[in-house]
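Structure first, commentary second.
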Amino acid sequence: MTTIAIIGAGSGLGLAVARRFGREGFAVALISRNQARLDELARTLKSEDIPAKGFTANVRDTASLRDALIAADEQLGRIEVLQYSPLPAKEFMRPVLETVADDLVGPVEFSIYGPATAAHQVIPGMRSLGRGTIILINGASAVRPGPQVTGTSVAFAGESAYGQLLHDALAPENIHVAQLIIPRGIGGGEPSHEPEALAERIWTLHTDRGPFRTFAAHLDD
């Protein structure tokens, strides 16, 4: 049995993805900052016969993120799929003319250092398997910078560039790196943005291995 590690796991998209991959025989490593919430999610999945366990980590603390991924690999099985989808903090989203250099530290740690830490931790294991998938989840500001969300616009652009570079470098090794852009947030009544529909799209990204970037729906004009 191999494992999907979901960084930023919660009761919406994270749980839906856990169920989708769990139905295919994956164990599920749930990673976020709140152990009590992770334990509740793990209990829910176990009641559905899906092996799951929660591991606490702060994506801005590289040591804690590495430790969580190491523990997940050791306790659940080799990580074959990594999903990086933590929810950015509200303070990352300031208007551009109110944003100073210090305001960009958090977003960069969150969206560039975090993915780089996670990827470098799991890639050796994926190489040993001879396969693997890394999926980055972002909002529209990753491809269309917004003047009211400067931190995520800047940091998501860096995450996108890093992901594209990984995609190109790892494709010959049967490790697929993909980015899913969710233009208008998760849920809200738009069918393509509901957690279950997004989970199905993420499963398809893992199995079909298309281009680096795909969109859950068209961007608004």
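The values are calculated or read from the model by the stated rules, or taken from the named source; none is laboratory data. Note that the structure is a prediction, hence the values are computed from the model and not measured. All Cβ positions, glycine included, derive from the backbone under ideal geometry; neighbour counts span all protein chains shown. What goes into the accessible areas is simple: the full protein's heavy atoms, side chains included, and nothing from ligands, DNA or RNA. Shrake-Rupley method; radii C 1.70, N 1.55, O 1.52, S 1.80 Å.
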**OP:** Provide the per-residue ³J(HN,Hα) series for segment 141-152, in order, calculated from phi with Karplus coefficients 6.51, -1.76, 1.60 and θ = phi - 60°, each as a whole number of Hz, with x at glycine and proline positions.
**Re:** 5, 5, 10, 9, x, x, x, 9, 10, 5, x, 5
**OP:** Taking amide H positions as placed in the peptide plane 1.01 Å from N, state which residues far from GLU194 in sequence (5 or more) or on other chains have amide H under 5 Å from it.
**Re:** GLY187
**OP:** Enumerate the calculated ³J(HN,Hα) couplings along segment 114-125 in order (Karplus 6.51 cos²θ - 1.76 cosθ + 1.60, θ = phi - 60°), each rounded to whole Hz, writing x wherever the residue is Gly or Pro.
**Re:** x, x, 5, 4, 5, 4, 5, 6, 9, 4, x, x
**OP:** Rounded to the nearest 0.05, what FRET efficiency do THR44 and ARG184 give with R0 = 22 Å and r taken as the Cβ-Cβ distance? Could you check?
**Re:** 0.25
Subject >> Net lengthening on full extension, GLU98/LEU219 (0.36 nm per residue, minus Cα-Cα) >> reply: 40.9 nm
Original post:
Can you work out the FRET efficiency for the pair ARG209 and ALA89, with r the C-beta to C-beta distance and R0 = 30 Å, to the nearest 0.05?
Top reply: 0.40
Original post:
Residues with amide H under 5 Å of ILE79's amide H, sequence separation 5 or more or different chain, H placed in the peptide plane at 1.01 Å from N; which?
Top reply: THR3
Original post:
Separation between the ARG37 and ARG144 pseudo-spin-labels, each 7 Å from Cα along Cα→Cβ, expressed in nm?
Top reply: 2.8
Original post:
Can you give the calculated 222 nm mean residue ellipticity of the chain, where each DSSP H run of n ≥ 4 adds -39,500 (n - 2.57) and the sum is split over every residue, rounded to the nearest 500 deg cm²/dmol?
Top reply: -13500 deg cm²/dmol
Original post:
Of all DSSP beta bridges located in the chain, what percent are antiparallel, nearest 5?
Top reply: 0
Original post:
Which whole-number percentage describes the relative contact order of segment 79-139, with Cα contacts under 8 Å and a sequence gap of 6 or more?
Top reply: 67
**OP:** Over segment 65-221, give the accessible area per residue in Å² for a 1.4 Å probe, as an integer.
**Re:** 47
Original post:
Using θ = phi - 60° and the Karplus form 6.51 cos²θ - 1.76 cosθ + 1.60, what ³J(HN,Hα) does each residue of segment 197-213 get, whole Hz, x for Gly and Pro?
Top reply: 5, 5, 4, 5, 4, 5, 4, 5, 4, 5, 8, 8, 6, x, x, 4, 10
Original post:
Counting only the backbone N, which residues of segment 10-31 are under 13 Å from the spot 7 Å out from the Cα of GLU196 toward its beta-carbon?
Top reply: 16-17, 19-20
**OP:** Name the residues whose placed amide hydrogens come within less than 5 Å of the amide hydrogen of GLY54, ignoring near sequence neighbours (fewer than 5 apart) on the same chain.
**Re:** LEU30
Original post:
Is the chain rounded, prolate or oblate when judged by the Cα gyration tensor, a ≥ b ≥ c being the square roots of its eigenvalues, rounded requiring a/c under 1.5 and prolate requiring a/b larger than b/c?
Top reply: rounded
Original post:
Taking only C-alpha pairs under 8 Å that are 6+ residues apart, what is the relative contact order of the chain in percent?
Top reply: 19
